[in-house]
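What follows is a short report on a single structure.
The values are calculated or read from the model by the stated rules, or taken from the named source; none is laboratory data. Predicted model only: the values in this text are computed from it and were never measured. Virtual Cβ from ideal backbone geometry, glycine too; neighbours counted across all protein chains shown. These area figures cover heavy atoms from the full protein model, side chains too; ligands, DNA and RNA do not enter into them. Shrake-Rupley method; radii C 1.70, N 1.55, O 1.52, S 1.80 Å.
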Amino acid sequence: MLSFRDIPVKQKLMMATMVTTAVALLLAGIGIVLADSLLFRGYLQRDLSGLAHIIADNSTAALAFNDQRSAAETLAALRVRTHLVAACIYRRDGTMLADYRRTGAQSGCPAPGAPDGIRFTSAALTVSYPILLSGHRIGTLVLLYDLGEIQERMKLYGLTVLGVLLASILIAFVLSSRLRTIIAAPISQLARAATSVARTKDYSIRARKNSGDELGVLVDAFNEMLAGIQSRDDNLRNALLDRQEALKEAQNARESLETTVASIGDAVIATDIEGRIVLANRVAQSLMKLLESEMIGKHLDEVFRIFNEFTGAKVESPVTKVLREGAIVGMANHTVLIARDGTEIPIDDSGAPIRGASGEIQGTVLVFRDVTAKRRADETGRLLASIVESSDDAIIGHGLGGVIIAWNRGAERIFGYSAEEMIGKPASALTAPGRVDEMPEILERIARGERVDQFQAPRRTKSGTVIDVSITISPMYDALGRIVGASKIARDVTGQVRAAERLAQMNADLQRANENLARSNDDLERFAFVASHDLQEPLRMITVYSQLLIRTHSGEFDDQAAMCVDNIVGGTKRMRELLSDLLAYAEIGGTPEEPVQTVDLNVVIEKVTQNLKVAIEDSGAVITAGRLPSLSAYEGHFIPLFQNLIGNAIKYRGEQPPRIHVSAQMSDGELRFSVADNGIGIPPQHHQKIFTPFKRLHGKATPGTGIGLAICQRVVERYGGRIWVESDAGKGATFIFTVPDIAIHAVEEN
Ligand code: ADP
C-alpha cells in the first residue's frame, strides 16, 4: 500500500486542501458550538435568575399569606417555559407551599435546603432563589430546568456545522481539483519530463512552462539544468566518441603494429625502461625456443643470453647499451645467442630506444636475425670469388653490349691486361688481327638465353701474340632472373693445340710403326710356323738315324760315345716337343681352315680327359665338372686350353691325389670359367710371369716346355677374354678365364 509520501502530488494537494478545510471548519464549528453553549448557559443562568426573581417577587404575597392557590397560579404561568420541569415554593420551614410540574415530568422539585444560586448537574439545572419580604427571607423558590434546550441548540449547531463542513469539503474538492490542475499539472508534467529523461537519457527533452510562479521558475531551472546536462552530455559523448575513435585508432595502430612486428622476418623484442620484455614476435620465440608467455615480463638479460663466438665472453646487454647511448646501437660482431635448448645461433642485431611523444625514453626495441645462412652465403660468395680469382682460366663478365664488366686474375695472366685496363673496354679489344669478331653474334644468342659451349678461337694478348683459347659463354642473370650479360670462361689452349698437333703427328708415326710391327709379327709368326714345321723333318731324321745308330752299333760304343748318343736322342726329343708346342702356339694366331662351330665344352672336357687318360690313371686324379655351356668357337682352341690347365693341375700335384674341378658361371655380363686344383700352388709373385712363353717355375725334373699357359692366354685373348690365376704356395691353384659378351650371344646354355 502506498504511503502518503508516495502518493501523487495532486492527490496530496487535494487531500491537504480537503483535510485542512475539514479540520478548520470542524474546529471552527466546535468552537462556535462550545462558545454558544457557554454563552447560552450564561444566558440561561441570567434568564432563569431573572425568571426566579420575578416568580419569587410574585410569590411573596402568596407566601406571606400562605395562599397556596395564588402561589400555584403564579407557578402555573411557568408552563410557557417548556423546559421547566418543575417549580416549587417552600416555606421558610421547608414545607412546600405550591409546586408546578410539567406534564409527564417524572421528577419533582428537589428538596429545599440547598444554598441559593444556580447549580448545573449533568442533565439539569437547579435554581434556588430566596423569597424575601422586606428584606427578610420568608421562603425559597426552587426551579428545576432541564438542559434539553442546550442540547437542541448543540444539535442544531452540530448539524449546521456538519452541513457547512460537507458543503465546504465539496467546495474544497471542486476548488482543489481546479487548483490541482493549476498547481499539480505543471509538477506532474515536470515529473513526467524528469522520468522520461531518466528513462531515455534524452537530455533534449524540456518541461513546458505554464506559469510565472515558483513552478514556472522550477520548470525554468529544470530546463536549464537539462540544457546544462545536455551540453555536458553532448560534450561527454563527443569526448567519449573522440576517445573511442582514438582508442580504435590506437587499437588499429597496435594491431597493425603487432601484425607488422609478427610479419617481420627478423626477431623483434621490445622492453620497458626497466628492461622487462613487453613484446616478442614469433621469429624471436622460435629462435630462442621460448614461448611468448615465458618471455613477457622477464628481464631481457634473463632470456637473451649472448656471448662472443670466439672468446666465449658475455656480450653487454643491448638494453644497457641502448639506455646508456640513447641512440640506435649495433651489436658486436660474432655474437652468438644461446637458445633455451643450448643451440648456439650466430646473430646480427641492433637495438634502439623507444621514445614517447615528448622524446623521453620509454623502453628499447631489439631486432636480431639468425645469420647462419647469410654467413654460409657470404662464405660461399667469398669461396666463389676466390675460386674465380684463383682460377687459371680467364673469367670475364660482359654486359649485353659487349663491354667488359669483370676481369679476373686468370684473365690478367692469359691476356696480359690488368682489370683496370680492361673493365669498361669492348670485348672486341681481344679479337685477333685479321679475324672477324664473333662476340656480337654470340651476345645475341646469350640475350636469347642460349649458352655457347667450348669453341676455340684465336685471341690477341697485350704483347701482341696470338693465342688459342677455348671459350664457354653463359648468360648472366640478375636477382630477378633477367639476363643482364654474359660470363665468359676462356682457357689458354695454345699448348694443348700444339700438343694435339704433336700427338696427331706421333699417332700417325705410331700407326706406321704398328703397321710395320704387325707386318714383322706376321713375318715372325709365319717364320716360327714355317721354322717349327720345317725343322720337324730334319729333327725326325736325326731321331731316326740316332735310334738306328744305337740299334746297330751300340755294342761298339764306349761309355762316352754311348752318353753322347743318349744326349743326342734326349735333345732331339726335347727339341721335337719344343717345336711341337711352338707350332701349336703359332697356330693359335692363324686362322683355322675349318669354320666356326658350336663347341660343347662338356664334350671338350671328355676329350681332354681321354687325352690325359694315362696321367690321370697314374696320379689317381679325380676330375669333376659342372654343367658347361656350348660356345660358337673352334674346338681346336678350347681342347689345348683345357688340356694345358687340367694337365698342369695333374702335373703340379701335391701329396694328395689331384682333385680338379671345372666350372662355368655368368658374372657381370661375361662367362667365367675356372679350373681349380689341390696341387702345390703358385706364390703370388709368379702369378703374372707364368703366362710368358717358356717361363717355368720348375726345373727339368718336371717335364714341360713352358709354353702351355702362353697358349692358354693366346686362346682366351683371341676370344677377347682375360686369364689369371688365384693361388698361394701349398694351397692349390685356380685358373680363371673369361669369355666376354661378344662371344656369349652365341652361347647355348645347357
Ligand atoms: P710347363 O708346364 O710346360 O712347364 P706351362 O706354361 O704350362 O709350362 O706352365 C708354366 C709354369 O707354371 C710351370 O712350369 C709351373 O711351374 C707353373 N704351373 C702351371 N700350372 C700349375 C699348377 N696347376 N700348379 C702349380 N704350378 C703350375
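Cα to Cα, under 24 Å, and not fewer than 8 places away if on the same chain: which lysines meet these conditions relative to K10?
Hits, sequence-local ones excluded: K209.
With only alpha-carbon atoms counted, please give the Rg and Dmax of the chain, in Å.
Every Cα atom of the chain included, Rg and Dmax give 79.9, 263 Å.
On a full-extension model of 0.36 nm per residue, what is the gain between M541 and E421, subtracting their alpha-carbon distance, rounded to one decimal in nm?
Result: 34.1 nm gained on full extension.
Heavy atoms only, probe 1.4 Å: what % of the accessible area of the chain goes to carbon and sulfur, would you let me know?
Answer for the chain is 57 percent, counting heavy atoms of protein chains only.
At what distance in angstrom do the alpha carbon centres of the stretch 173-226 and the stretch 110-125 lie from each other?
68 Å
With unit charges on the beta carbon (Lys/Arg positive, Asp/Glu negative), name the residue among G216, A262, G570 whose Cα is farthest towards the positive pole of the charge dipole of the chain.
Going by the Cα projections, it comes out as G216.
Could you give the accessible area per residue of the chain, probe 1.4 Å, as a whole number in Å²? Please list the in-between numbers first.
Values: 43510 Å² over 750 residues.
Roughly 58 Å² per residue, with all protein chains present.
Using a Förster distance of 56 Å, how high is the FRET efficiency between R208 and S358, based on the Cβ-Cβ distance and rounded to 0.05?
Efficiency computed from Cβ-Cβ geometry: 0.60.
Once a ≥ b ≥ c are taken as the square roots of the eigenvalues of the Cα gyration tensor of the stretch 493-640, is the result rounded (a/c under 1.5), prolate (a/b larger than b/c) or oblate (a/b not larger than b/c)?
Oblate, because a/c is 1.5 or more while a/b does not exceed b/c.
With each label point set 7 Å from Cα along the Cα-Cβ vector, what nm distance links D220 and R451?
Distance between the two pseudo-spin positions: 10.1 nm.
Full-extension gain between A246 and E294, please, as 0.36 nm times their residue separation minus the C-alpha to C-alpha distance.
This chain segment gains 14.1 nm when fully extended.
Under the 0.36 nm per residue contour assumption, what length would be gained going from the current alpha-carbon distance of N514 and K700 to full extension?
Contour length minus the Cα-Cα distance gives 63.2 nm.
Could you work out the helix-only [θ] at 222 nm for the chain, with each DSSP H run of four or more residues adding -39,500 (n - 2.57) and the total divided by the number of residues, to the nearest 500 deg cm²/dmol?
Calculated at 222 nm, the ellipticity per residue is -17000 deg cm²/dmol.
Could you work out the per residue convex hull volume over the alpha carbons of the stretch 10-160, in cubic angstrom?
115 Å³
Using the Cα centre of the chain as origin and beta-carbon charges of +1 (Lys, Arg) and -1 (Asp, Glu), tell me which of A411, A528, L159 is placed farthest towards the positive end of the dipole.
L159
Could you give the distance between the Cα centres of the stretch 270-288 and the stretch 1-72, to the whole Å?
104 Å
Charges only on Cβ, +1 for Lys and Arg, -1 for Asp and Glu: so what's the dipole of the chain about the Cα centre, in debye to the nearest 20?
In debye, rounded to 20, the chain gives about 5520.
What is the distance, in nm, between label points placed 7 Å from the Cα along the Cα-to-Cβ direction at S674 and at L27?
15.0 nm
Longest exposed-loop-site-free stretch of the chain, with GluC sites (Glu not before Pro), DSSP loop and at most 12 other Cβ within 10 Å?
The answer is 1-273.
So how far apart, in nm, are the two label points at N611 and D522 if each is 7 Å from Cα heading toward Cβ?
Placing both labels 7 Å along Cα→Cβ, they lie 2.9 nm apart.
Just the ratio, please: alpha-carbon radius of gyration of the stretch 594-749 over 2.2 N^0.38 Å, N its number of residues.
1.00
Which order do the peptides 463-473, 530-540 take when ranked by the mean count of other beta-carbon atoms within 10 Å per residue, highest first?
463-473, 530-540
Could you tell me the distance between the Cα centroids of the stretch 303-334 and the stretch 666-736, to the nearest Å?
77 Å
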